[in-house]
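Below: the structure, in structure tokens.
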Amino acid sequence: MRLKNQVAIITGAGSGIGRVTALAFAREGAKVVVADWSEAGGAETIKLVKKPSSAKATEDKPKGQAIFVKVDVSKSSEVEQMVKQCLAEYGQVDILFNNAGIVKMGALHETTEADWDQVINVNLKGVFLCSKAVIPQMLKQGRGKIVNTASIAGLVGFDKIGPYCASKGGIIALTREMAVEYGPKKINVNCIAPGVIKTAMTKDMLNDPATAQGFAASTPYPRLGEGEDIAMAAVYLASVEADFVTGEVLVVDGGWTAR
């Protein structure tokens, strides 16, 4: 169990990549804080985490441990309360997976200021606020792992998602800054840049045959990504196996950006 006795906060854990990662972390022995704005989504993730991996939980295959915290990652007061609840329940925080994110579609010149602010506030400001809230505890503990969800949209251009591209590029830059600043304190900060992953966020796009065909044609590996692909990358970056890895952008895109 690669994350045994670790405590992990996962934002955006009520669905998609966050939910799959919560399950993966729990399988690897972590106690998980399922953080999401959706109470229904969070409750479903908790149910899945606590479901034993066999008909009867055993010492080798125990039920996962998790709590749900309702949070809007763009609001500092809610983020601070999230960390307080984590510490009250588990007494430590070893891993932060900054995964919460949203996207707004549309031409840049037609994007409203409100839509721009919402995407930047959730995707980029949220990473700042959550990291700011957990770092003091990680400094006290003498180590920690922060993993941020960026995107290949922070590395290459994508049509009609300007605020999203800007937020993900910002996450990559912030990841590198944090790695340099906190590396001497044994806090590793890395990010994952997923390609096109089959989630609720991409469902509408993938339901369009032409768009789905275009995505498939741009991906050398003969399938699109699954949430588990990102979850296992997060497990690696959160584990001791990645102790000497910091400031990196782990691209998980089936070869999209290799062209």
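Bear in mind these aren't lab numbers, they're just calculated from the coordinates by the rules spelled out. Predicted model only: the values in this text are computed from it and were never measured. Don't worry about glycine lacking a Cβ; one is built from the backbone with ideal geometry, like all the others, and counts go over all protein chains shown.
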*Quick one: grab the alpha carbon gyration tensor of the range 143-211, order the square roots of its eigenvalues as a ≥ b ≥ c, and give me rounded if a/c is under 1.5, else prolate or oblate depending on whether a/b is larger than b/c.*
prolate
*For the range 58-130, divide the Cα radius of gyration by the Kirkwood radius and give the resulting Rg/Rh value with two decimals.*
1.14
_Can you compute the modelled spin-label distance between Arg259 and Gln65, with each label point 7 Å from Cα toward Cβ, in nm?_
4.7 nm
*Which order, highest average first, do 45-51, 86-92 follow once you tally other Cβ atoms within 10 Å for each residue and take the mean per peptide?*
45-51, 86-92
*Note the listed values (1) 1.10; (2) 0.93; (3) 0.97, then indicate which one is Cα Rg over 2.2 N^0.38 Å calculated from this particular structure.*
(3)
*Only Cα pairs under 8 Å and at least 6 apart count here; give the relative contact order of the chain as a rounded whole percent.*
19 percent
*Gain in length, Lys160 to Asp115, computed as 0.36 nm per residue apart minus the alpha-carbon separation, to one decimal in nm?*
14.9 nm
*Nonlocal amide H pairs with Lys51, under 5 Å, H built at 1.01 Å*: Gly64
*Amide H contacts of Val189 (H built 1.01 Å from N, under 5 Å, at least 5 apart or other chain)*: Ile146, Gly247
*Cα convex hull of the range 44-185, projected area averaged across orientations, nm²*: 10.9 nm²
*What ranking do 75-84, 22-31 get when scored by the average of other Cβ atoms within 10 Å per residue, highest first?*
22-31, 75-84
_Multiplying the sequence separation of Arg2 and Gln81 by 0.36 nm and subtracting their Cα-Cα distance, what value in nm do you get?_
25.6 nm
*Hey, if you put +1 on the Cβ of every Lys and Arg and -1 on every Asp and Glu Cβ in the chain, which of Gln213, Gly12, Ile135 ends up farthest toward the positive end of that dipole?*
Ile135
*For Tyr236 and Thr211, what is the calculated FRET efficiency with R₀ set at 22 Å and r taken between the beta-carbons, to the nearest 0.05?*
0.15
_Could you order the peptides 240-253, 95-108 from most to least packed, using the average number of other C-beta atoms within 10 Å per residue?_
95-108, 240-253
*the range 175-224 and the range 67-130: distance between their alpha carbon centers, rounded to Å*: 18 Å
*If you take the square roots of the eigenvalues of the alpha-carbon gyration tensor of the range 106-259 and sort them as a ≥ b ≥ c, do you get rounded (a/c under 1.5), prolate (a/b over b/c) or oblate?*
oblate
*At most 14 other Cβ within 10 Å, DSSP loop - trypsin sites (Lys or Arg not before Pro), the range 132-203*: Arg143, Lys160
*Gaussian network model of the chain, Cα within-10 Å springs - most flexible of Ala217, Ala133, Ala173*: Ala217
*Taking the Cα centre of the range 185-226 as origin, sum charge times position over the Cβ atoms of Lys and Arg (+1) and Asp and Glu (-1), and report the length of that vector in debye to the nearest 20.*
360 debye
*Report, in order of residue number, the helices in the chain meeting two criteria: a C-alpha extent of 24 Å or more along the helix axis, and a mean Kyte-Doolittle hydropathy of at least -1.0; treat each whole DSSP H run as one helix.*
162-182
*Dipole size in debye (nearest 20) for the chain around its Cα centre, Lys and Arg Cβ +1, Asp and Glu Cβ -1?*
800 debye
